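The values are calculated or read from the model by the stated rules, or taken from the named source; none is laboratory data. The shown structure was predicted, so the numbers you read here are calculated from the model rather than taken from an experiment. Cβ coordinates were reconstructed from backbone atoms using ideal geometry, including for glycine residues, and neighbour counts include every protein chain displayed. Side chains included, ligands, DNA and RNA excluded: accessible areas come from the protein's heavy atoms. Shrake-Rupley method; radii C 1.70, N 1.55, O 1.52, S 1.80 Å.
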Amino acid sequence: MHEIKNTTKNRWMLEVYLFVYQVAQHHCYSVIGTERSQRKFLPAEMVKTGLILLATLVAVAYGQVEEVLKWQKVEYDVPAEVLQRPNGYIPIGNIPMGAVHHKNRVFVAVARRRWGIPSTLNVVDVSPPFPNTNVVLKPYPNFALNELRADLQPDANRIVTVYRPRVDRCDRLWFVDTGMMEIPGNFTVVQRPSVWSIDLTTNQPIHRFEIPKEAVETGYGLTSITLDVDPTDCEKVFVYISDLQTYRMVVYDYANRRAWRFLHNYFFLNPLEGDYLIQGINFAWDDGIFSIALGNPNPATKFRTAYFHALSSNSEFTVSTEVLRNETASQRSWHGTDFKLLGYRGSKSQSSIHAYDPETEVIFFALIQQNAILCWDTNKPFAPQNMAIVYKNDRDIVYPNDLSIDQNGYVWFMTNSIIKLLYTQLSLEDFNFFVWRANIKQIIKGTVCDPASPPNVHSGQRFGDENNNDRVTFFEYKDKDGPGGGPYGGWGHGRPGHGRRP
């Protein structure tokens, strides 16, 4: 278990939680003996006190994290005739895949992984009191850009599928259009994948770059991007794109309109850490490099450290952006020691997206098996003991699929319940999609991630423990034909409503 707390107050809170958990587990018995006859009732006053303290604990935790948005189902502000078309709008398939905040607007991406998705890039206005509930999505910057051609032919003036957009310091929204309809059993390459940017002050597209085939075969697997913007020149931008399907990193040089790709073994999944247990469901995913986070520029070299990991891995790796920006270096067959193993995050710590806060120099990780948000101070050794879970919500966090940090010192994260859609049942009567935010300095205060706190250990941990405690017993499903492998072909072939690829 991660070292979650490191102050007297926080240790007390954890003890209260464990105390009341014991009460619930044993129906108000304390475990003194192994036989029921040997057990003794806990005094009613102790139970009452424990429950009150637990309520206080929950209130404290929730007070630091605000639930900003939540939906039972996603609806759109589009012409009524669009919703009435065959496959124009099918609520169950509309799963938000990304959310990023900018100046009281949240941009929400809904990837076209099912029929019936009217718009892939959308926006909502947010304002207190929170949460804003079942807010209708407005296509961004307009519906014309998001509307598919009826014949599904390529069109440079339209976008097909967006996953996780990002905002830069120059008030631009960046994203990758994968160009694909990722429908189970009916994958369709509509057009070449492309990098876009939109001016958020005018709400007008200002750039589109079609990624050449030499850099990527198709857009399948291009599900997250990271922006490397020069601190003084908005025209100097490098975009790093994770390709989880072919285990590569695509680099786009905005100033020179060039793109290239890197291949490295560290981009692959760890085959021992691709088994999952979420919501009581066992399954396996083979997703490779999934997220890239950038540290602050080195004062001397001006380059940054890029932290990256595969989804199906508990390890973190690094490389300098000096390497990534070098197109010639991408052509090497061997990279020497340029790519480095940073270390091991801990048991069951597979992370979807992570992000670096430039002010506190803390990285936040969205942990998909623990339904939690983890932090690590980059100035301390990389070891589980130097990390803290700052928020955990087993009820509402079902696959935390996106996380980002805004320019106001807040970390934002989203969960989309896609596990339910893929493997069990998603009920549109329940709240399924959530967006939270937390003030970074407040949420790390008193934890080992606080820059003011000392590290718990003074050396990093490069690998898992000797007992293999990060392993999950996997009850294998019979595989079927489909891209990527995994349960039911990874995408639901042969079983409607099932599949993978977050």
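Can you name the strands (runs of 3 or more DSSP E) wholly within the stretch 149-229 that have at least 1 residues being closer than 28 Å to Leu269 by Cα and aliphatic (A, V, I, L, M)?
172-177, 180-183, 186-189, 194-199, 222-229
Within the stretch 403-421, take every residue that is more than 15 Å from Gln369 (Cβ to Cβ) and part of a helix (DSSP H, G or I) and give me the one that is least open to solvent (accessible area, probe 1.4 Å). Looking at the filtered set, the residue picked out is Leu421. Among the residues of the stretch 230-252, the ones that are touching an Asp or Glu at 6+ places or on another chain (Cβ under 9 Å), within 25 Å of His264 (Cβ to Cβ) and touching a residue at least 60 places away in the same chain (Cβ under 8 Å) come to 8 in all. Being among the hydrophobic types (A, V, I, L, M, F, W, C) and assigned to a loop (DSSP other than H, G, I, E, B) is a description that does not apply to Val390.
Across the stretch 296-314, what is the total count of residues that are surrounded by fewer than 18 Cβ atoms within 10 Å (Cβ to Cβ) and touching a residue at least 60 places away in the same chain (Cβ under 8 Å)? Here the count works out to 2.
So, of the residues in the stretch 109-133 that are more than 20 Å from Pro184 (Cβ to Cβ), outside any loop (DSSP other than H, G, I, E, B) and touching a residue at least 60 places away in the same chain (Cβ under 8 Å), which turns out to be most open to solvent (accessible area, probe 1.4 Å)? By that ranking, first place goes to Thr133.
In the stretch 315-330, the residues that are within 21 Å of Ile363 (Cα to Cα) and part of a helix (DSSP H, G or I) reach residues that are acidic (Asp, Glu) and open to solvent by 40 Å² or more (accessible area, probe 1.4 Å) with C-beta atoms within less than 9 angstrom, at least six apart or across chains, in these pairs: Glu322/Asp338. Among the conditions (1) open to solvent by 10 Å² or more (accessible area, probe 1.4 Å); (2) under 22 Å from His309 (Cα atoms); (3) in contact with a strand residue (DSSP E or B) (Cβ under 9 Å, 6 or more places away or on another chain); (4) not basic (Lys, Arg), the only one that Ser453 does not satisfy is (2). Each residue in the stretch 297-314 was checked for being among the hydrophobic types (A, V, I, L, M, F, W, C), assigned to a loop (DSSP other than H, G, I, E, B) and within 21 Å of the chain's Cα centre (by Cα), and 1 of them qualify. The numbered conditions (1) farther than 16 Å from Met180 by Cα; (2) open to solvent by 10 Å² or more (accessible area, probe 1.4 Å); (3) not aromatic (Phe, Trp, Tyr) are all true for Ala215 except (2). Pairing residues of the stretch 65-86 that are in a loop (DSSP other than H, G, I, E, B) with residues that are acidic (Asp, Glu) and surrounded by fewer than 16 Cβ atoms within 10 Å (Cβ to Cβ), at Cβ distances under 8 Å and at least 6 apart in sequence or on separate chains, gives Gln72/Glu429; Gln72/Asp430. Of the residues making up the stretch 343-379, those that are open to solvent by 20 Å² or more (accessible area, probe 1.4 Å) and in contact with a Gly (Cβ under 9 Å, 6 or more places away or on another chain) are Ser347, Tyr356, Pro358, Glu359, Glu361, Thr378. Residues of the stretch 236-276 that are part of a strand (DSSP E or B) and either of a type in the set (A, V, I, L, M) or more than 28 Å from Arg172 (Cα to Cα) (or both): Val237, Val239, Ile241, Met249, Val250, Val251, Ala259, Leu263, Asp275, Tyr276.
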